[in-house]
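Student: What follows is a single structure, and I will ask about it in a moment.
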Amino acid sequence: MKTIYLDNNATTAVAPEVTAALAPFLADQYFNPSSAYDQARQVSAALQTARHELAVLLGGVTPDQLTFTSGATESNNWAIGGVVRAQPQRRHIVTTAVEHPAVFEVCKELARQGCDVTFLPVDRSGQLDRDAYVRALRPDTLLVTIMLANNETGVLFPVAELARIAHETNPAIIFHTDATQAIGKLPLDLTGEFEHVDLLSLSGHKIHAPKGVGALYAKRGTPLRPLIIGGHQENGRRAGTENVPFIVALGRAARLAADHLAGVDQIRQLRDRLEDAVVRTIPYLEVNGHGAPRLPNTLNLSCHYIEGESILYQLNEHGICASSGSACTSGSLEPSHVLKAMHVPFTAMHGSVRFSLSRYTTAAEVDRVIEVFPEVVASLRRISPYWDAARNAPRPTAPQESPAQPTNH
Ligand code: PMP
């Protein structure tokens with residue numbers, strides 16, 4: 001059975017061009033880029049090419065503001081911890097209740113260590129309240145860390161504007177964004193619209209590079225202590241011999257992502273086709289993040305009265321790979337903190353499924369899901385005790401049918 005891979009927010013397939021680009025650096029181009037002979041200088045030049053390719057994807061920032069890391073988890077830990085360590089006297093941090101654990105857990109840990117952290121709530125569609133954000137900014141605020149696109153729902157936060165507001169309110173505030181899910185799906189210009197962003201995290205394996213490589217953009221002059229201390233690599237900002245093959249891969253993946261940005265609309269059309277079809281055919285279904293600006297590739301659904309894990313299991317029987325909650329937290333019975341923060345009703349929170357598409361997703365694959373998914377949901381409901389009981393209860397109206405009822409988005 002052919003695999004239909006719709007879990008691209010968890011990870012993506014490595015692009016063949018990327019594999020081809022990295023291969024020589026696993027073979028004869030093995031030299032340490034810090035060594036002082038021609039062969040090593042060529043490897044060092046490949047690192048600089050990769051840095052340049054990534055800089056282009058981010059709107060033409062100067063490449064020296066980019067540091068390669070092991071992925072977005074490291075970039076986030078570094079950005080947040082490095083800012084706090086650089087100015088230990090300022091203790092207030094603003095973040096949201098729906099960040100990825102690589103930000104959320106770091107902020108919780110800093111709160112345990114004595115920082116004052118404001119976790120901004122979101123509404124039923126996953127959006128922030130701008131006024132609450134403005135009210136949260138204080139004279140002693142050190143850092144704002146707010147993601148660009150939510151990994152579970154795809155909901156976008158207006159980060160360009162939030163960063164501008166932060167700097168206008170208090171120029172000493174440092175603004176960090178976890179852009180891991182937005183990279184390659186949206187144009188991101190750090191020299192234009194997003195110029196007020198000081199720190200930005202990203203990861204290779206969400207843009208068709210391998211797992212275990214990422215980067216942190218740090219605007220020149222941003223006070224930031226290193227996370228990993230040792231040798232002089234990466235201008236003393238991140239010690240350790242560079243992961244050359246994967247950095248080369250990230251550079252090539254960034255170049256491909258820039259080339260494919262114009263094609264993102266095709267991904268959006270396929271996602272919309274899937275969304276329209278399931279909303280039309282499946283009762284008691286909610287689109288999480290409906291009504292909010294969203295990533296073009298993500299569809300997060302809640303199926304009332306059934307269980308996400310069972311849905312995934314059945315989809316898997318048909319060769320379809322999707323996700324329930326985020327991959328990092330699945331395996332736990334705790335419902336997603338993102339859906340909880342959005343006040344998704346209990347009967348729907350446990351029945352969530354995320355489909356996430358990529359440029360490799362085909363119309364035939366989407367059509368197969370449109371054929372299979374309603375039957376999977378119906379078959380699970382036939383054996384759900386809640387389903388029987390629910391049919392005698394008042395029907396929770398889906399937002400598509402009644403936009404006037406905001407509690408049922
Ligand atoms: N932030 C977001 C929004 C993510 O989606 C992910 C990956 N699930 C990460 C951070 C962590 O990235 P990595 O796997 O590269 O550490």
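The values are calculated or read from the model by the stated rules, or taken from the named source; none is laboratory data. The model shown is predicted, which means the values in this text are computed figures rather than measured ones. Positions of Cβ are generated from backbone atoms using ideal geometry, with glycine treated the same way; all protein chains shown enter the neighbour counts.
Student: Any chance the range 105-116 includes a residue that's away from the ligand (no atom under 16 Å from the Cβ), of a type in the set (V, I, T) and touching a residue at least 24 places away in the same chain (Cβ under 8 Å)?
Tutor: no
Student: Based on what the data block shows, is E74 buried (at least 20 other Cβ atoms within 10 Å of the Cβ) and in a loop (DSSP other than H, G, I, E, B)? Outline the logic, then answer.
Tutor: Values: buried (at least 20 other Cβ atoms within 10 Å of the Cβ): yes; in a loop (DSSP other than H, G, I, E, B): no.
The answer is no for E74.
Student: Suppose we filter the range 171-195 for residues that are away from the ligand (no atom under 16 Å from the Cβ) and either of a type in the set (F, W, Y) or closer than 18 Å to I80 by Cβ (or both); how many remain?
Tutor: We begin by selecting, within the range 171-195, every residue away from the ligand (no atom under 16 Å from the Cβ); these are 171-175, 187, 189-195.
Retained after the next criterion (residues that are either of a type in the set (F, W, Y) or closer than 18 Å to I80 by Cβ (or both)): 172-175, 194.
So the count comes out to 5.
Student: Would you pick out the residues in the range 261-306 that are closer than 22 Å to I383 by Cα and out of contact with any strand residue (DSSP E or B) (no Cβ under 8 Å at 6 or more places or on another chain)?
Tutor: Of everything in the range 261-306, those that are closer than 22 Å to I383 by Cα and out of contact with any strand residue (DSSP E or B) (no Cβ under 8 Å at 6 or more places or on another chain) turn out to be T281, P283, Y305, I306.
Student: Return the pairs, sorted by first residue and then second, in which the second residue is in a loop (DSSP other than H, G, I, E, B) and within 16 Å of the ligand (Cβ to nearest atom), the first residue lies in the range 11-32 and is over 13 Å from G251 (Cβ atoms) and in contact (Cβ under 8 Å) with a residue 24 or more places away in the chain, the beta carbons are less than 7 Å apart, and the residues are 6+ apart or on different chains.
Tutor: So the pair list comes out as T11/K211; T12/I207; T12/H208; T12/S358; A13/H208; V14/H208; V14/A209; V14/P210.
Student: Now a separate question. Please determine whether any residue of the range 55-63 is under 28 Å from C321 (Cβ atoms) and in contact with a helix residue (DSSP H, G or I) (Cβ under 8 Å, 6 or more places away or on another chain).
Tutor: Yes: the range 55-63 contains one or more residues that are under 28 Å from C321 (Cβ atoms) and in contact with a helix residue (DSSP H, G or I) (Cβ under 8 Å, 6 or more places away or on another chain).
Student: Would you mind finding the one in S356, S336, S352, S326 that is at pLDDT below 90, among the small types (G, A, S) and under 27 Å from the mean Cα position of the chain (by Cα)? Give the derivation first.
Tutor: On the way: S356 fails: at pLDDT below 90; S336 fails: at pLDDT below 90; S352 fails: at pLDDT below 90.
Of the residues listed, the single one that is at pLDDT below 90, among the small types (G, A, S) and under 27 Å from the mean Cα position of the chain (by Cα) is S326.
Student: Given (1) under 15 Å from the mean Cα position of the chain (by Cα); (2) away from the ligand (no atom under 16 Å from the Cβ), where does N150 come up short, assuming only one miss?
Tutor: Among (1) under 15 Å from the mean Cα position of the chain (by Cα); (2) away from the ligand (no atom under 16 Å from the Cβ), N150 violates only (2).
Student: Counting only residues that are more than 13 Å from the ligand (Cβ to nearest atom), part of a loop (DSSP other than H, G, I, E, B) and surrounded by 24 or more Cβ atoms within 10 Å (Cβ to Cβ), which one in the range 196-223 is nearest to the chain's Cα centre (by Cα)? Explain how you work it out, then say what you get.
Tutor: Of all residues in the range 196-223, those more than 13 Å from the ligand (Cβ to nearest atom) come to 196-199, 208, 217-223.
Subsequent filtering for residues that are part of a loop (DSSP other than H, G, I, E, B) retains 196-198, 208, 219-223.
Cutting the leftovers down to surrounded by 24 or more Cβ atoms within 10 Å (Cβ to Cβ) gives us 197-198, 208.
Values: V197: 17, D198: 18, H208: 14 Å.
So the residue we want is H208.
Student: A follow-up question, please. Return yes or no: is V98 outside any helix (DSSP H, G or I), surrounded by 15 or more Cβ atoms within 10 Å (Cβ to Cβ) and within 13 Å of the ligand (Cβ to nearest atom)?
Tutor: Here the answer is yes, as V98 does meet what is asked.
Student: Continuing with this model, one more query. Looking at the range 219-237, can you tell me whether even one residue there is over 17 Å from A79 (Cα atoms), touching a residue at least 24 places away in the same chain (Cβ under 8 Å) and basic (K, R)? Working first, answer last.
Tutor: So the first thing to find is which residues in the range 219-237 are over 17 Å from A79 (Cα atoms), and the list is 230-233.
Narrowing further to those that are touching a residue at least 24 places away in the same chain (Cβ under 8 Å): 231-233.
Still in the list and also basic (K, R): none.
Checked against the condition, which is being over 17 Å from A79 (Cα atoms), touching a residue at least 24 places away in the same chain (Cβ under 8 Å) and basic (K, R), the range 219-237 yields no hits at all.
Student: Same structure again: Within the range 38-71, work out how many residues are of a type in the set (V, I, T), buried (at least 19 other Cβ atoms within 10 Å of the Cβ) and more than 16 Å from the ligand (Cβ to nearest atom).
Tutor: As a first pass, look at the range 38-71 and keep what is of a type in the set (V, I, T): 43, 49, 56, 61-62, 67, 69.
Add one more test, that the residue is buried (at least 19 other Cβ atoms within 10 Å of the Cβ), and what stays is 43, 61, 67, 69.
Pick out the ones that are also more than 16 Å from the ligand (Cβ to nearest atom) and you get 43, 61.
The total comes to 2.
Student: Residue pairs, Cβ under 8 Å, 6 or more apart or interchain, first in the range 255-268 and over 13 Å from P187 (Cβ atoms), second basic (K, R) and buried (at least 18 other Cβ atoms within 10 Å of the Cβ). List them.
Tutor: Q266/R359; I267/K185; I267/R359
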